[in-house]
1. Please give the number of the condition residue 274 fails out of (1) assigned to a loop (DSSP other than H, G, I, E, B); (2) under 20 Å from the mean Cα position of the chain (by Cα); (3) in the same structural domain as residue 155 (by TED's automatic domain parsing).
2. Residues being surrounded by fewer than 24 Cβ atoms within 10 Å (Cβ to Cβ) and under 19 Å from residue 149 (Cβ atoms): count how many of those fall in the range 172-201.
3. Given (1) touching a helix residue (DSSP H, G or I) at 6+ places or on another chain (Cβ under 8 Å); (2) closer than 27 Å to residue 185 by Cβ; (3) surrounded by 15 or more Cβ atoms within 10 Å (Cβ to Cβ), identify the lone condition not met by residue 258.
4. Could you give me the residue pairs with C-beta distances under 6 Å whose first residue belongs to the range 147-169 and is within 15 Å of residue 134 (Cβ to Cβ), whose second residue is in a loop (DSSP other than H, G, I, E, B) and at pLDDT below 95 wherever it lies, and which are 6+ apart or on separate chains?
5. If you go through the range 213-222 one residue at a time, do you hit one that is in contact (Cβ under 8 Å) with a residue 60 or more places away in the chain, in a loop (DSSP other than H, G, I, E, B), touching a strand residue (DSSP E or B) at 6+ places or on another chain (Cβ under 6 Å) and farther than 25 Å from residue 135 by Cβ?
6. Kindly check whether there is at least one residue in the range 252-269 that is part of a strand (DSSP E or B) and either within 24 Å of residue 336 (Cβ to Cβ) or without any contact (Cβ under 8 Å) to a residue 60 or more places away in the chain (or both).
């Protein structure tokens with residue numbers, strides 16, 4: 001049996017009719033950038049997420065950078081964040097001139113909020129925070145809100161992997177000043193291409209975000225800010241509106257697969273990574289940990305099962321960071337354990353029951 005890590009072919013088979021219709025609709029409109037399709041998608045996502053303002057942009061990286069700039073990050077500003085994430089999280093900080101301050105993660109792989117409190121208490125110069133809701137999990141939003149209040153933080157939540165995830169029923173992205181997401185094709189809500197969005201509940205911040213995505217314009221040829229060229233195009237917005245219709249059902253399938261994995265995998269050399277307490281996760285990824293990760297991945301590949309590693313090199317250890325100012329607080333031991341042991345199993349919503357059972361069986365057979 002062959003089990004793919006993602007299955008865009010199966011997605012296309014299900015959604016191609018509506019996607020082709022959207023292509024014709026946009027083509028016939030004669031308007032391809034920042035038009036009715038983008039506005040309609042922004043409104044629909046706003047209602048689905050429960051955030052007042054959605055600003056579509058070119059990708060998730062730009063969304064984070066725009067969010068940081070909108071809340072006041074300037075060259076030299078310290079920004080608390082995690083070293084266990086896609087590099088885009090930190091790259092956005094560096095593009096603003098901010099100084100990343102890396103701290104360790106907890107047993108779920110998400111930034112350790114208890115440690116964050118200690119670091120913020122000891123360094124009052126840190127006024128900005130980029131937490132990442134990794135793997136589709138949701139951080140403890142009650143504690144995140146308490147940190148925001150206690151230390152007067154400006155928070156940009158990286159929700160690229162966690163659309164529809166909640167903590168105690170509260171949606172991720174609703175505690176910080178800005179929430180950001182990515183529509184990269186592999187995401188739970190993905191384009192046929194690239195895209196992203198920055199979101200907020202503040203009218204003033206939303207105006208800044210809309211200006212930043214379009215060269216910093218406040219009106220045609222009136223540039224109040226040094227902005228970006230980061231506009232979600234009409235075609236991708238039309239596709240995303242269609243895909244949004246099935247997001248809830250697709251999320252349910254991911255959750256069902258995760259439940260079967262967690263119940264069925266029984267191998268002393270494989271541990272399902274912890275899930276944050278009170279997180280209603282959407283399972284963008286399904287991470288397991290093994291001290292023999294590379295051998296496990298090789299074995300599963302031989303059995304026809306595609307897997308992936310997220311992330312094999314901690315951000316603070318990347319070559320690109322060697323010459324850029326940053327701080328590392330502590331040894332980041334748990335972060336490094338994840339980089340050395342984490343393996344992501346297939347969890348896309350088009351897996352069949354037979355494929356899920358096969359992955360479980362092969363994990364349990366491996367020794």
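The values are calculated or read from the model by the stated rules, or taken from the named source; none is laboratory data. Worth saying up front: this structure is predicted, and the values here are computed from it rather than measured. Reconstructed Cβ throughout: ideal geometry from the backbone, glycine too, with neighbour counts over all protein chains shown.
1. Condition (3) is where residue 274 drops out.
2. 4
3. With respect to (1) touching a helix residue (DSSP H, G or I) at 6+ places or on another chain (Cβ under 8 Å); (2) closer than 27 Å to residue 185 by Cβ; (3) surrounded by 15 or more Cβ atoms within 10 Å (Cβ to Cβ), residue 258 is out only on (1).
4. Close Cβ pairs satisfying both conditions: 167/278.
5. Among the residues of the range 213-222, not one is in contact (Cβ under 8 Å) with a residue 60 or more places away in the chain, in a loop (DSSP other than H, G, I, E, B), touching a strand residue (DSSP E or B) at 6+ places or on another chain (Cβ under 6 Å) and farther than 25 Å from residue 135 by Cβ, which makes the answer no.
6. Yes: one or more hits.
Okay, residues lined up against (1) part of a helix (DSSP H, G or I); (2) within 23 Å of the chain's Cα centre (by Cα):
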residue: 299; (1), (2): yes, no
residue: 311; (1), (2): no, yes
residue: 316; (1), (2): yes, yes
residue: 323; (1), (2): no, no
residue: 331; (1), (2): no, no
residue: 334; (1), (2): yes, yes
residue: 348; (1), (2): no, yes
residue: 357; (1), (2): yes, no
residue: 360; (1), (2): yes, no
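The rows are residues; the columns are (1) in contact with a helix residue (DSSP H, G or I) (Cβ under 6 Å, 6 or more places away or on another chain); (2) on the phi < 0 side of the Ramachandran plot.
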{"site": "284", "(1), (2)": "yes, yes"}
{"site": "304", "(1), (2)": "no, no"}
{"site": "313", "(1), (2)": "no, yes"}
{"site": "320", "(1), (2)": "no, yes"}
{"site": "349", "(1), (2)": "yes, yes"}
